[in-house]
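The values are calculated or read from the model by the stated rules, or taken from the named source; none is laboratory data. Treat the numbers as computed from the prediction; the structure is a model and nothing was measured. Because the Cβ atoms are built from the backbone with ideal geometry, glycine has one as well, and the counts that use them run over all protein chains shown.
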Amino acid sequence: MNAAILGQVGFIIAVPIALGAWLGLKLDERAGTSPWGLLGLIFVGMAIAGGGVALLIKRYAEENPVKPSTERAREAGRRWTAEVEQEERDREAGKT
């Protein structure tokens, strides 16, 4: 599952940037605007890639919601918090 998502992210990032670079080079050849077409369309590709990754993350988060913690996990968290607070009180009192 994670490898598939990683592959999708790579594809979503690589294709728009590569396509933007290629189109930018072609634009610069025809219009003589080097390197502005290349740079501009690479940045457009980066923006499209960012939007694509954001949509992929949103879809993944909707399909895999965070499940609530178990009572056992909550109790462990409360014990850990109590230990940390006790250590802080001991340190402030000069016991450590």
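Summary table
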{"quantity": "Condition broken by GLU29, with the remaining ones in (1) out of contact with any helix residue (DSSP H, G or I) (no Cβ under 7 Å at 6 or more places or on another chain); (2) not in a helix (DSSP H, G or I) satisfied", "calculated": "(2)"}
{"quantity": "Looking only at region 20-51, and only at residues there that are under 30 Å from ASN64 (Cβ atoms) and not β-branched (Val, Ile, Thr), the one that is surrounded by the most Cβ atoms within 10 Å (Cβ to Cβ)", "calculated": "GLY45"}
{"quantity": "Residue check for ARG79: modelled with pLDDT under 95, of a type outside the set (Asp, Glu) and part of a helix (DSSP H, G or I)", "calculated": "no"}
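Yes or no, residue by residue, for (1) at pLDDT 95 or above; (2) assigned to a helix (DSSP H, G or I); (3) of a type in the set (Ser, Thr, Tyr); (4) closer than 15 Å to ILE5 by Cα:
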site: LEU39; (1), (2), (3), (4): yes, yes, no, no
site: ILE48; (1), (2), (3), (4): yes, yes, no, no
site: GLY52; (1), (2), (3), (4): yes, yes, no, yes
site: ILE57; (1), (2), (3), (4): no, yes, no, yes
site: GLU83; (1), (2), (3), (4): yes, yes, no, no
site: GLU92; (1), (2), (3), (4): no, yes, no, no
